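Chemist: My questions will all concern the structure given below.
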Amino acid sequence: MQKLVLLAVGLLLSPIGVLAEEKANTSMSLIENAFLELDQNQSNSVTKDEAKGIISSEDFTLADVNKDGKLSKEEYIHFFTLKQQADPES
């Protein structure tokens with residue numbers, strides 16, 4: 001009986017897991033697309049000039065982990081994924 005209940009709960013919750021994964025994939029796609037839009041010269045990084053007016057100076061500084069004055073795709077995705085998780089409405 002216990003196994004049957006666990007199976008039923010698992011089947012009921014699996015669509016929630018699928019929806020959460022789809023939402024995460026959509027969020028990642030949006031973040032990646034935003035990076036590609038900002039990377040005007042296709043250098044695989046975003047400079048302060050490219051980000052001007054789009055990303056606040058404070059966010060840029062926080063996201064620039066290696067402090068080289070530009071955001072790599074990895075830095076950008078990592079920062080904005082964490083930021084979105086902290087404030088899903090943004």
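FYI, it's all coordinate maths here, none of it is from the lab. The model shown is predicted, which means the values in this text are computed figures rather than measured ones. Every residue, glycine as well, gets a Cβ built from its backbone with ideal geometry; the counts of neighbours run over all protein chains shown.
Chemist: Per 0.36 nm of contour for each residue apart, how much would the distance between LYS83 and LYS67 grow if the chain were fully extended, relative to their Cα-Cα spacing?
Modeler: That pair, LYS83 and LYS67, stretches by 3.9 nm at full extension.
Chemist: In addition: Amide H to amide H under 5 Å from SER72: which residues, 5+ apart in sequence or cross-chain, H placed 1.01 Å off N in plane?
Modeler: Distant-sequence amide H within range of SER72: VAL46.
Chemist: Under 13 Å between alpha carbons, and skipping anything fewer than 8 positions from LYS48 in its own chain: which aspartates and glutamates qualify?
Modeler: Output for LYS48: ASP39, GLU58, ASP59, ASP64, ASP68.
Chemist: Modelling each spin label as a point 7 Å along the Cα-to-Cβ direction, I'd like the SER43/SER57 distance in nm, to one decimal.
Modeler: 2.0 nm
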